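A.B. asks: Sharing a structure with you now.
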Amino acid sequence: MEHQPYSEFLDIVVTEADPDSAEGFLAWRPELTDMLGHMTGGAYNALGDAVAGACARATGDMYVTQNCSLQYYVSTEEQDGVLNCRASVRHRGSRTCIIAVELFHEDGTVAADGQFSYSKI
């Protein structure tokens with residue numbers, strides 16, 4: 001797996017990545033929560049970007065995040081434990097890569113979904 005200092009700082013784990021899909025997770029912990037004890041939208045976004053970005057770069061090409069859009073459905077609290085992410089390529093062109101993400105709890109509850117776009121550099 002690639003070295004990504006920000007993702008490592010947040011303890012995001014990418015468990016697998018290939019040119020078509022990727023998976024990873026982020027465990028709930030107090031440092032990632034708001035005043036109500038819910039994992040922040042920023043943590044959701046960072047997880048989605050890390051997993052989708054690993055998928056984009058699985059070809060060996062370098063990509064940077066161009067845009068993202070996430071829809072939040074349910075919060076992640078301590079009892080949920082882990083927020084998982086699954087990413088899959090929707091489009092891989094000569095200069096851009098568009099990747100759909102789904103963030104979900106261990107019980108299968110979808111917490112958020114969305115799309116990230118990457119630009120090849």
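The values are calculated or read from the model by the stated rules, or taken from the named source; none is laboratory data. What you see is a predicted model; the values in this text were computed from it and never measured. In this analysis, Cβ positions are derived from the backbone assuming ideal geometry, glycine residues included, and neighbour counts consider all displayed protein chains.
A.B. asks: What tally of residues in segment 104-121 results from selecting those that are part of a strand (DSSP E or B) and exposed (fewer than 14 other Cβ atoms within 10 Å of the Cβ)?
C.D. replies: 1
A.B. asks: Please verify whether segment 53-67 includes one or more residues that are of a type in the set (Ser, Thr, Tyr) and over 20 Å from Thr15 (Cβ atoms).
C.D. replies: Yes, some residue in segment 53-67 is of a type in the set (Ser, Thr, Tyr) and over 20 Å from Thr15 (Cβ atoms).
A.B. asks: State all residues of segment 61-76 that are under 18 Å from Ser21 (Cα atoms), part of a strand (DSSP E or B) and more than 13 Å from the chain's Cα centre (by Cα); if no residue qualifies, say none.
C.D. replies: Scanning segment 61-76 gives Tyr63, Val64.
A.B. asks: Further question: Out of all the residues in segment 17-29, is one or more of a type in the set (Phe, Trp, Tyr) and over 15 Å from the mean Cα position of the chain (by Cα)? Quick ask: steps written out before the conclusion?
C.D. replies: Just the residues of segment 17-29 that are of a type in the set (Phe, Trp, Tyr), to begin with: 25, 28.
Next, only the ones that are over 15 Å from the mean Cα position of the chain (by Cα) stay: none.
No - not one qualifying residue is present in segment 17-29.
A.B. asks: Among (1) under 20 Å from Leu10 (Cα atoms); (2) polar (S, T, N, Q); (3) in contact with a Gly (Cβ under 8 Å, 6 or more places away or on another chain), there is one condition Gln79 misses while meeting the rest; what is its number?
C.D. replies: For Gln79, the failing item is (3).
A.B. asks: Within segment 23-43, can one find any residue that is touching a helix residue (DSSP H, G or I) at 6+ places or on another chain (Cβ under 8 Å), surrounded by 14 or more Cβ atoms within 10 Å (Cβ to Cβ) and assigned to a helix (DSSP H, G or I)?
C.D. replies: yes
A.B. asks: Report the residue count in segment 77-86 for those that are at pLDDT 95 or above and either in a loop (DSSP other than H, G, I, E, B) or within 13 Å of Met39 (Cα to Cα) (or both). Working first, answer last.
C.D. replies: Step one: of segment 77-86, the residues at pLDDT 95 or above are 82-86.
Now drop any that are not either in a loop (DSSP other than H, G, I, E, B) or within 13 Å of Met39 (Cα to Cα) (or both), which leaves 82-84.
Looking only at that region, the number is 3.
A.B. asks: Oh, and also: Would a scan of segment 49-57 turn up a residue that is loosely packed, with under 13 Cβ neighbours inside 10 Å and touching a residue at least 24 places away in the same chain (Cβ under 8 Å)?
C.D. replies: Of all residues in segment 49-57, those loosely packed, with under 13 Cβ neighbours inside 10 Å come to none.
Checking segment 49-57: not a single residue is loosely packed, with under 13 Cβ neighbours inside 10 Å and touching a residue at least 24 places away in the same chain (Cβ under 8 Å).
A.B. asks: I've got another one for you. Could you tell me which residue of segment 80-103 is surrounded by the most Cβ atoms within 10 Å (Cβ to Cβ), considering only residues that are free of Cβ contacts under 8 Å to residues at least 60 places away in the same chain and within 17 Å of Thr40 (Cβ to Cβ)?
C.D. replies: Among those residues, the one meeting the criterion is Leu103.
A.B. asks: Within segment 2-9, is there a residue that is surrounded by fewer than 18 Cβ atoms within 10 Å (Cβ to Cβ) and either under 15 Å from His105 (Cβ atoms) or touching a strand residue (DSSP E or B) at 6+ places or on another chain (Cβ under 7 Å) (or both)? Give the derivation first.
C.D. replies: Taking segment 2-9 as the starting set, the residues that turn out to be surrounded by fewer than 18 Cβ atoms within 10 Å (Cβ to Cβ) are 2-6, 8-9.
Next, only the ones that are either under 15 Å from His105 (Cβ atoms) or touching a strand residue (DSSP E or B) at 6+ places or on another chain (Cβ under 7 Å) (or both) stay: none.
There is no residue in segment 2-9 that is surrounded by fewer than 18 Cβ atoms within 10 Å (Cβ to Cβ) and either under 15 Å from His105 (Cβ atoms) or touching a strand residue (DSSP E or B) at 6+ places or on another chain (Cβ under 7 Å) (or both).
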